Amino acid sequence: LGEPRLLCGLAAAGGAGSVDFRIAEQFWSSSTYERGATVRVDRVEQLDTNLLLQQENATVLICDIEGGEKELFPGLSLSGIRLIVVE
């Protein structure tokens with residue numbers, strides 16, 4: 001195994017760039033969507049999840065993305081993934 005890395009950004013199935021991330025007072029309620037509890041908006045890097053999974057040789061994908069699965073999974077290549085855990 002290689003050295004652990006910390007990546008900060010929003011995982012997306014297609015492309016890189018940046019996106020608005022709405023920070024809520026209760027952080028776990030933060031979202032790319034306006035949900036009525038936004039205290040500030042940060043511009044964050046959007047990570048290409050397909051590229052990230054490939055580069056890291058990932059075999060497990062764990063998601064807790066408050067409904068974002070609906071947008072993430074249709075464009076996701078899961079060929080190397082052996083286990084998916086979705087909350």
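The values are calculated or read from the model by the stated rules, or taken from the named source; none is laboratory data. Since the structure is predicted, the reported quantities are computational estimates derived from the model, not experimental observations. With ideal geometry, Cβ positions are generated from the backbone for all residues, glycine too; neighbour counts draw on all protein chains shown. Heavy atoms of the whole protein, side chains included, go into the accessibility calculation; ligands, DNA and RNA do not. Shrake-Rupley method; radii C 1.70, N 1.55, O 1.52, S 1.80 Å.
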Inset, instruction - Residues in region 1-27, backbone N under 15 Å from the label point at residue 82 (7 Å along the Cα-to-beta-carbon vector): list them, ranges by number please. - result: 1
Inset, instruction - Would you mind getting the accessible area per residue of the chain, heavy atoms of the protein chains only, 1.4 Å probe, in Å²? - result: 74
Inset, instruction - Counting other Cβ atoms within 10 Å, keep those with at most 14, restrict to DSSP loop, and tell me which chymotrypsin sites (Phe, Trp or Tyr not before Pro) in the chain are left. - result: 33
Legend entry - Compactness of region 1-46 as Cα Rg over 2.2 N^0.38 Å, two decimals: 1.36
Legend entry - the chain - percent relative contact order, Cα under 8 Å, separation 6 or more: 29
Legend entry - DSSP beta bridges in the chain [antiparallel fraction, %, rounded to 5]: 55
Legend entry - Helix-only mean residue ellipticity at 222 nm for the chain, each DSSP H run of n ≥ 4 adding -39500 (n - 2.57), per residue, nearest 500: -2500 deg cm²/dmol
Inset, instruction - Evaluate E = 1/(1 + (r/R0)^6) for residue 69 and residue 6, where r is the Cβ-Cβ distance and R0 equals 35 Å; express this FRET efficiency to the nearest 0.05. - result: 0.95
Inset, instruction - Report the charge-dipole magnitude of the chain in Debye, nearest 20, computed about the Cα centre from +1 at each Lys and Arg Cβ and -1 at each Asp and Glu Cβ. - result: 60
